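Scroll down for the structure; my scribbles are underneath it.
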Amino acid sequence: MHKKTCYTTTPIYYVTAKPHLGSLYSTVIADVITRWHQLKGYDTYMLTGTDEHGQKVFQAATAAGKDPKSFVDSFIESYHDTWQKYEIAYTHFIRTTDASHIAAVQEWIRQLQAKGDIYKALYEGWYCTPCETFVTETEINEQRAAGHDQPHCPTCGRPVQAMQEETYFFRLSAYQDRLLAYYAEHPDFIIPRERAHEVIQFVKSGLKDLSISRKTVTWGIPFPGDEHQVTYVWADALNNYITAIGWGQKGKEAEFKHWWPANVQVMGKDIIRFHAIYWPAFLMAIDQPLPKHLLVHGWIKVDKQKMSKSLGNVVDPIVLYNEYGADAVRYYLMRHMAVTHDGEFAIADLEQAITSELANDLGNLLNRTISLAEKHDALKLDDPRLWSPAALELIEQAWQTIESVSEYMDDLMIHMAVARLWKFINQVNAYFHAHEPWKLAKDNRKQFIEVLAVTCHSLYVIGVIAWPIMPYKMQELLAALGCKLQVDTEHDRLADIALSYHQRTFILTKGAPLFVKPEPKEASVEEPKVEPTYIAIDDVAKVELLVGTIAHAETVPKSDKLLMLQVDFGPLGVRQVLAGIRQSYEPAELHGQQALFVGNLKPRMMLGHESQGMLLVAKDVNGKAIIMRPLVAVPNGSRLA
Ligand code: MSP
C-alpha cells in the first residue's frame with residue numbers, strides 16, 4: 001500500500017554556541033508538525049542539524065583559540081542533549097561537515113557547471129559576516145540616500161565589510177521569471193502569505209547573479225575544479241535539505257524520491273530570502289520540485305528586542321527545562337508565540353500559562369474526575385449504551401474541536417489550533433461543573449457514571465490532539481485514563497477517535513498532579529513601581545567606583561555562593577574581595593579579567609575572611625550574575641567618574 005509521507009525540516013543552526021530559545025522554537029515547531037502527521041498515520045521524516053562552515057564559524061573558532069572542526073564538535077553534544085530533553089523526535093541530525101553532505105554539494109556544483117549555470121567573475125560589494133550574506137549595492141545606496149554614513153546589514157543592522165574578490169557566480173537572474181510564476185501559481189508556498197509580498201517585491205526589483213564561492217575564506221567545502229575557492233556557506237547549507245535524504249548519492253535514489261519534495265520547511269523571518277529565492281532557484285537548476293510549504297515564523301523577543309548573543313538577552317532552554325519541564329515550555333512557545341508574528345517571551349507569562357491553563361484548566365479537570373471516581377468506587381468506567389442529550393452535546397463539541405484543530409494544523413497555524421483546543425477544555429469544565437457529579441454520586445449513579453465517562457472521553461480526545469505539543473505529559477494523561485497512544489503508519493489516530501465512543505473502557509489511576517504550579521519566587525515578584533529617590537551629586541561622589549584586575553579567584557570552603565578574589569588595583573594595591581558569584585563563574589574563568597568594584601565599602605568579615613570591597617554585577621535573563629568590565633582595558637585603580 002502506498003503510504004502518505006511527510007518530510008519536515010528545521011533550519012540548520014550555526015554552531016558558535018549552545019542552542020538558545022530561538023533555535024528551540026524553530027525546532028519545536030517542526031517537531032509538532034511532524035508529530036501531527038504521525039498522529040494521522042503518515043510516514044514521517046524530520047531533519048535538523050548544524051551549519052558548520054563559513055566565515056562566522058571560523059572567526060568564532062579563532063577567537064576561542066580552536067581549530068574550526070574541534071570548535072564545532074564541542075557544541076554538538078549540547079544540541080543532542082537539548083533536543084532529547086525537549087522530546088524532539090528527529091529522524092536525522094545532519095552536520096554540514098559530514099562527508100556525504102560535502103560530496104553531494106560538490107556533485108550539485110558539478111551539475112550546475114555542466115549546465116552552464118556557473119561562471120567566474122569579480123564580486124565587488126559588501127558582506128555581513130553574522131548573517132553570512134552579500135549586501136547589494138542598491139541596499140547600501142538606499143541607506144546612503146536615507147542619510148546613513150555607515151553601510152550596515154539590512155537584516156541585523158550590524159556594519160558590513162567591503163569585499164572584492166574573484167568568485168564563481170550562479171545565474172540566479174535567469175530564474176527570475178520562473179520564480180515569479182511559481183509564487184503566483186502557489187499562493188500557499190510561503191506561509192503566512194503576507195511574507196510572500198516582500199519576497200515577490202525583491203524578486204521583481206531584479207535579481208542579480210549570486211556569488212556561490214569565496215576565495216578569502218578557507219573553512220568551507222572545496223569548490224570543484226578550483227582549489228583556491230570554497231563553496232559559499234549558504235549554497236552549502238541550503239542543500240542539506242536534499243543531501244540528508246540521499247540526493248546526489250549512489251544507491252540512495254529511491255530514498256530521495258520517497259521524501260522529496262519536503263512538505264514543510266520551517267524557518268525564522270530573518271532567513272526567508274535565502275529559502276524563498278535562492279533555494280527554489282537552486283532546486284530548479286537541478287530540475288527538482290520545490291518544497292510544498294515554507295513556514296516562516298516570527299522572532300522571540302526579550303524586552304522588545306530580538307534575542308541574540310550580542311545583546312546578551314539569550315534565554316537558555318536548559319534553565320527553563322530544569323525549572324518548568326519540557327512540555328510546559330513547548331506548550332507556552334506553541335500557544336503564546338503566534339507563529340506568524342514576533343512574540344515577547346517573559347517568565348511571568350510562562351508561569352501564568354502553567355498555572356492557569358495547564359494546572360488549573362487541564363490538570364485539575366483530570367484530577368477532579370479521577371478523585372471523584374475513586375471516592376465513589378467508579379475507577380473502572382464502561383460506556384453507557386446510550387448517551388443522554390447533554391453528553392451528546394459535549395461529544396458533538398469534541399467532533400467540532402477535532403475538525404477545527406485539524407484545519408488550523410493543516411494551515412500550520414499552531415497557536416490557533418492550541419487556542420481552539422483550550423476552548424473545548426473550557427467547555428468540558430463547564431459541563432462538569434454544571435452537572436455537579438459530586439451530588440449525582442449520591443442521588444443518581446447512572447447519570448454520575450455518564451458524566452464521568454463522557455468527561456474521560458473528552459480528556460482522551462484532548463490527550464490525543466495535544467500529544468504533538470506535549471508528548472510526554474499527554475501520554476501521562478492517557479495513562480491515568482488507562483489508555484496509551486501508539487502512533488504508526490497503519491492507523492489514523494484522529495479518525496480512530498470517532499470509533500472510540502462506544503468501545504472504550506477507562507481504567508482510572510490516581511497519580512501525581514499532571515502539572516505543578518510554579519512557586520511564587522521572591523526574585524520573580526514584580527518590583528513595585530516606586531518613584532525614583534533622587535540623590536545629590538555629593539552622594540554619588542561618596543561612592544568610590546574602581547577598576548581592578550582579578551589576579552586570582554578561589555572557592556571559599558563551606559560556601560556554595562562565595563568566591564574569594566585577589567584584586568589588583570594598581571597604585572592602590574591588591575585587595576581581597578568576596579563576591580556571591582560561585583553559581584555563575586568558575587574561578588579560572590575570572591583570572592585576568594578586569595571588573596568594577598566599590599572601593600570604599602567598610603571592610604567586613606564573611607565566613608572568617610575579610611572582604612575589602614564589593615564586586616559589581618548585573619543579572620542576565622537566566623539569573624546568572626555577569627561581571628561588568630570596561631570595553632577596552634584601562635589602568636588598574638582607575639576611578640569611575
Ligand atoms: N545557519 C542558518 C540557517 C541555514 S538553513 C539552511 C541560520 N542559523 S541560525 O542559527 O542563526 O538561526 C537558525 C534559526 O533560528 C532561524 O530560523 C532563526 O530565525 C531562528 N532564531 C534565531 N534567533 C531567534 C529568535 N530570537 N526568535 C525566533 N527564532 C530565532 O540562520
Filter result for the condition that a residue is in contact with a strand residue (DSSP E or B) (Cβ under 7 Å, 6 or more places away or on another chain), at pLDDT below 95 and at positive phi, over Gly592, Gly573: Gly592
Leading residue by the ranking (farthest from Val540 (Cα to Cα)) among those in region 569-619 that are in contact with a Leu (Cβ under 8 Å, 6 or more places away or on another chain) and of a type in the set (Val, Ile, Thr): Ile581
Boolean, Thr62 is buried (at least 18 other Cβ atoms within 10 Å of the Cβ) and either within 16 Å of the ligand (Cβ to nearest atom) or outside the structural domain of Ile497 (by TED's automatic domain parsing) (or both): no
Tally of residues being more than 16 Å from the ligand (Cβ to nearest atom) and among the aromatic types (Phe, Trp, Tyr) across region 198-227: 2
Which numbered condition Gln55 misses (of (1) within 15 Å of the ligand (Cβ to nearest atom); (2) closer than 24 Å to Val296 by Cα; (3) over 21 Å from the mean Cα position of the chain (by Cα)): (2)
Val32 vs. criteria within 16 Å of the ligand (Cβ to nearest atom), closer than 20 Å to Thr243 by Cβ and not assigned by TED's automatic domain parsing to the domain that holds Tyr408: no
Residue identified as surrounded by 20 or more Cβ atoms within 10 Å (Cβ to Cβ), within 14 Å of the ligand (Cβ to nearest atom) and part of a strand (DSSP E or B) among Val230, Val266: Val266
Candidates Leu565, Leu572 - the one that is touching a Gly at 6+ places or on another chain (Cβ under 6 Å) and under 22 Å from Ala633 (Cβ atoms): Leu572
Meets criteria (at pLDDT 95 or above, away from the ligand (no atom under 11 Å from the Cβ) and at negative phi) for Phe256: yes
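For every residue, the table says whether it meets (1) of a type in the set (S, T, N, Q); (2) under 23 Å from His101 (Cβ atoms).
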{"residue": "Ser173", "(1), (2)": "yes, no"}
{"residue": "Asp177", "(1), (2)": "no, no"}
{"residue": "Ala181", "(1), (2)": "no, no"}
{"residue": "Glu185", "(1), (2)": "no, no"}
{"residue": "Gly220", "(1), (2)": "no, yes"}
{"residue": "Asp226", "(1), (2)": "no, yes"}
Any chance Val296 is more than 25 Å from Ala99 (Cβ to Cβ), at pLDDT 95 or above, among the β-branched types (Val, Ile, Thr) and in contact with a helix residue (DSSP H, G or I) (Cβ under 8 Å, 6 or more places away or on another chain): yes
Residue list for region 1-19, filter: surrounded by 19 or more Cβ atoms within 10 Å (Cβ to Cβ) and either more than 9 Å from the ligand (Cβ to nearest atom) or farther than 20 Å from Val233 by Cβ (or both): Cys6, Tyr7, Thr8
Within region 338-390, tally of residues that are β-branched (Val, Ile, Thr) and in contact with a Ser or Thr (Cβ under 8 Å, 6 or more places away or on another chain): 3
Unmet criterion (only one of (1) surrounded by 22 or more Cβ atoms within 10 Å (Cβ to Cβ); (2) more than 16 Å from the ligand (Cβ to nearest atom)) for Thr243: (2)
So Ile465, is it buried (at least 16 other Cβ atoms within 10 Å of the Cβ) and in contact with an Asp or Glu (Cβ under 6 Å, 6 or more places away or on another chain): no
Residues within region 282-313 that are under 19 Å from Met267 (Cβ atoms), in a strand (DSSP E or B) and within 12 Å of the ligand (Cβ to nearest atom), tallied: 7
Wholly enclosed strands (runs of 3 or more DSSP E) of region 92-147 bearing at least 3 residues buried (at least 19 other Cβ atoms within 10 Å of the Cβ) and in contact with a Ser or Thr (Cβ under 8 Å, 6 or more places away or on another chain): 118-128
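The values are calculated or read from the model by the stated rules, or taken from the named source; none is laboratory data. Just so we're clear, the structure is a prediction, and the values are computed from it rather than from any experiment. In this analysis, Cβ positions are derived from the backbone assuming ideal geometry, glycine residues included, and neighbour counts consider all displayed protein chains.
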